[in-house]
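Have a look at the structure below, then the notes.
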Amino acid sequence: MHESAELRTGVVAAALELFATQGFDQTSVEQIAKAAGVSRSTFFRQFGGKEDVVFADHEVLLDQLRTFLSEGHDDPWGAVCAASESVFAHFAHDPELARRRYQIVRQVPVLREREIITVFRYERLFDDYLRSSLPGIDPLDAVGFSALVTAVHNHVLRQLLRGKKKVPLSTLQTALADVRRRYGVPSEAVTEAPDDVVVAVFPRSMPIAEVTRRLRTQLD
């Protein structure tokens with residue numbers, strides 16, 4: 001793990017422990033820095049404020065997803081699902097820390113409001129990506145799919161955060177596969193066809209932009 005990532009993780013863990021034991025409002029930046037073994041200036045350079053500590057992982061994840069999505073993918077719908085899966089895998093890697101963060105957020109109104117904004121940022125990122133990757137896509141298809149993936153992801157993640165049992169990544173993958181089927185964009189099946197004849201069958205619910213993309217892929 002990169003040194004800055006280790007530092008960030010240590011500060012986040014220290015902050016959440018203080019928030020849990022003495023309250024969010026009662027905890028100062030100085031106390032967090034001291035508990036984490038860093039200077040006050042280092043804290044502000046890495047984060048900025050107490051709220052930013054709680055959502056530090058999301059800032060890193062959003063940057064990583066932007067990079068991932070910008071690399072270009074043959075299946076844009078699948079890329080959005082893969083991005084969702086990577087976020088879940090991150091929090092599932094250290095479920096106790098994720099649960100501690102969840103409890104803090106639930107107790108502090110200003111953090112709940114920040115959480116709503118953060119969720120929207122994921123949805124907006126997916127929406128923008130689909131619009132840029134599928135020219136001519138109906139905006140309702142882009143925002144609808146992005147919102148549904150985000151909602152399903154959050155539903156499965158809350159199962160992990162609210163309980164003590166392990167929730168495997170496969171739970172989310174199964175749910176997202178169902179989202180794709182319901183939305184009319186199931187995973188593509190590779191089929192062989194004569195070069196001079198192309199027979200294509202698509203679900204009636206499949207967005208026109210996706211039909212066009214798949215036909216172009218087969219004909220190129």
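Give me the tail of P(r) for segment 97-150 as a percent: Cα-Cα pairs with distance above 12 Å.
Numbers: 963 of 1431 pairs.
Of all Cα-Cα distances in segment 97-150, 67 percent exceed 12 Å.
Over segment 93-177, what is the relative contact order in whole percent, taking alpha-carbon pairs under 8 Å and six or more residues apart? Let's see the in-between values first.
On the way: 41 pairs, mean separation 24.1, N = 85.
Worked out over segment 93-177, it gives 28 percent.
Add +1 for every Lys or Arg and -1 for every Asp or Glu among the other residues with Cβ under 13 Å from the Cβ of Phe120, and state the total. Before the final figure, lay out each step's value.
Working: positive: Arg114, Arg121, Arg124; negative: Glu113, Glu115, Glu123, Asp127, Asp128.
For residues surrounding Phe120, the net value is -2.
Determine the order of Glu51, Glu96 by accessible area, beginning with the largest, at a probe radius of 1.4 Å.
Details: Glu51 60, Glu96 85 Å².
So, going from the largest accessible area down, we get Glu96, Glu51.
Heavy-atom accessible area of His73 with all protein chains present, probe 1.4 Å, nearest 10 Å²?
60 Å²
What percent does the relative contact order of the chain come to when contacts are Cα pairs within less than 8 Å and at least six residues apart? Intermediate results must be reported in sequence, preceding the final value.
Values: 160 pairs, mean separation 38.7, N = 220.
Relative CO of the chain lands at 18 percent.
Using Cα pairs closer than 8 Å and at least 6 residues apart in sequence, work out the relative contact order for segment 1-86, in percent. Please report the intermediate quantities before stating the final value.
Details: 43 pairs, mean separation 20.8, N = 86.
This gives 24 percent for segment 1-86.
Could you work out the equivalent-ellipsoid semi-axes for the chain, taking the square root of 5 times each eigenvalue of the Cα gyration tensor, largest first, in whole Å? Intermediate results must be reported in sequence, preceding the final value.
Numbers: eigenvalues 332, 57, 43 Å².
For the chain, the semi-axes come out at 41, 17, 15 Å.
Got a sec? What order do Glu115, Glu71, Glu17 fall in by accessible area at 1.4 Å, biggest, i.e. largest, first?
Working: Glu115 55, Glu71 125, Glu17 90 Å².
From most exposed to least exposed: Glu71, Glu17, Glu115.
Evaluate Rg over Rh across segment 49-167, taking Cα atoms for both radii and Kirkwood's formula for Rh.
With Rg and the Kirkwood Rh in hand, the quotient comes to 0.98.
Accessible area, 1.4 Å probe, largest first: how do Val179, Val152 sort?
Working: Val179 5, Val152 30 Å².
These residues rank, largest area first, as Val152, Val179.
What does the net charge come to around Lys166 if you take all other residues with beta carbon closer than 15 Å to its beta carbon, with K and R at +1 and D and E at -1?
On the way: positive: Arg99, Arg158, Arg162, Lys164, Lys165; negative: Asp94, Glu96.
Value of the local net charge: +3.
Considering only protein heavy atoms, what per residue accessible area in square angstrom results for the chain with a 1.4 angstrom probe?
Values: 12400 Å² over 220 residues.
Using a 1.4 Å probe on heavy atoms only, each residue of the chain averages 56 Å².
Identify all lysines with a Cα-Cα distance to Lys50 below 21 Å; exclude those on the same chain that are fewer than 8 residues away in sequence.
Lys34
The values are calculated or read from the model by the stated rules, or taken from the named source; none is laboratory data. Given the structure is predicted, the values throughout are model-derived calculations rather than measurements. So basically every Cβ, Gly included, is an ideal-geometry build from the backbone, and we count neighbours across all protein chains shown. Calculation scope for accessible area: heavy atoms of the full protein, side chains included, ligands and nucleic acids excluded. Shrake-Rupley method; radii C 1.70, N 1.55, O 1.52, S 1.80 Å.
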